[in-house]
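Trainee: The following block contains the structure, expressed as structure tokens.
The values are calculated or read from the model by the stated rules, or taken from the named source; none is laboratory data. Not measured: the values here are computed from a predicted model. Note: ideal-geometry Cβ built from the backbone for every residue, glycine included; neighbour counts use all protein chains shown. What goes into the accessible areas is simple: the full protein's heavy atoms, side chains included, and nothing from ligands, DNA or RNA. Shrake-Rupley method; radii C 1.70, N 1.55, O 1.52, S 1.80 Å.
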Amino acid sequence: MLGYLPGGVVIGPAGMRLVTDVNQIAHVAELGVVMLLFLIGLELRPARLWIMRRAVFGLGLGQVVVTTAILAVLAQSFAIPWPGALVLGVGFALSSTAIVLPLLAERELLTSRAGRDAFAVLLFQDLAFTPLVALVPLLGSAAMPADLPWLAVAKGLAAIAVILLGGRFLIGPAFRAIGGARSPEMFTTLALLSVVGAAALANGAGLSMSLGAFMAGVLLSDSEYRH
């Protein structure tokens with residue numbers, strides 16, 4: 001991971017300019033994290049995820065709230081108004097799933113207590129991202145649009161509902177139909193379509209791609225074709 005960072009600087013727009021369209025490359029690179037979250041979701045069956053609820057909503061909420069408060073107070077000490085300090089605190093309280101999870105997987109820490117707690121915190125941060133963004137305009141002094149923030153929240157909830165319903169009533173029967181035909185190529189194609197489709201749906205609704213892929217993995221974790 002540390003080698004990739006200076007490597008990216010060297011070949012990027014600020015270096016040798018071998019890569020100039022950073023946004024396009026970032027979307028492609030994020031697919032690796034999306035696949036990783038899908039595999040992690042396959043290992044977390046709904047019953048096991050329910051067991052983690054205290055870590056997700058207890059430890060995750062505590063981390064976000066405490067870290068935000070500390071950073072907001074620190075920002076206010078530099079004469080930043082409290083709305084701006086709060087936004088800065090929330091922003092810096094969130095972590096990068098794309099960096100943390102690969103490091104935990106590389107060191108085989110995901111199955112440890114610390115790894116599970118770190119994953120629970122990251123999952124809560126992904127879930128909290130959209131509501132936090134929607135609440136930011138409430139802190140501004142300018143007039144807030146009446147429908148924009150709540151429309152973003154509604155889109156996120158609708159995307160989650162579509163992924164849940166699709167995974168339960170569409171993807172399962174489709175896997176069974178293809179599995180019955182014993183076609184490895186079609187099975188692989190449908191698996192990739194499920195991952196990328198759930199990630200794209202979540203991304204289109206303003207959620208993280210990794211969250212959509214993780215949900216798809218959890219929904220398929222009880223499938224007879226999980227392995």
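Trainee: Within region 80-119, track down each residue that is touching a Ser or Thr at 6+ places or on another chain (Cβ under 6 Å) and among the β-branched types (Val, Ile, Thr). Full working, then the answer.
Mentor: We begin by selecting, within region 80-119, every residue touching a Ser or Thr at 6+ places or on another chain (Cβ under 6 Å); these are 89-90, 93, 97.
Scanning region 80-119 gives 90, 97.
Trainee: Going through 70, 80 one at a time, which residue ends up being more than 19 Å from residue 124 (Cβ to Cβ) and of a type outside the set (S, T, N, Q)?
Mentor: Numbers: 70 fails: more than 19 Å from residue 124 (Cβ to Cβ).
On inspection, the qualifying residue turns out to be 80.
Trainee: Output the residues belonging to region 33-86 that are open to solvent by 80 Å² or more (accessible area, probe 1.4 Å) and closer than 18 Å to residue 210 by Cβ.
Mentor: 39, 43
Results for (1) part of a loop (DSSP other than H, G, I, E, B); (2) without any contact (Cβ under 8 Å) to a residue 60 or more places away in the chain, shown as yes or no for each residue.
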{"residue": "72", "(1), (2)": "no, yes"}
{"residue": "80", "(1), (2)": "yes, yes"}
{"residue": "92", "(1), (2)": "no, yes"}
{"residue": "95", "(1), (2)": "yes, yes"}
{"residue": "103", "(1), (2)": "no, no"}
{"residue": "110", "(1), (2)": "yes, no"}
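Trainee: Specify the residue that is modelled with the highest pLDDT; the eligible residues are those in region 95-117 that are within 16 Å of the chain's Cα centre (by Cα) and open to solvent by less than 30 Å² (accessible area, probe 1.4 Å).
Mentor: Selected residue: 104.
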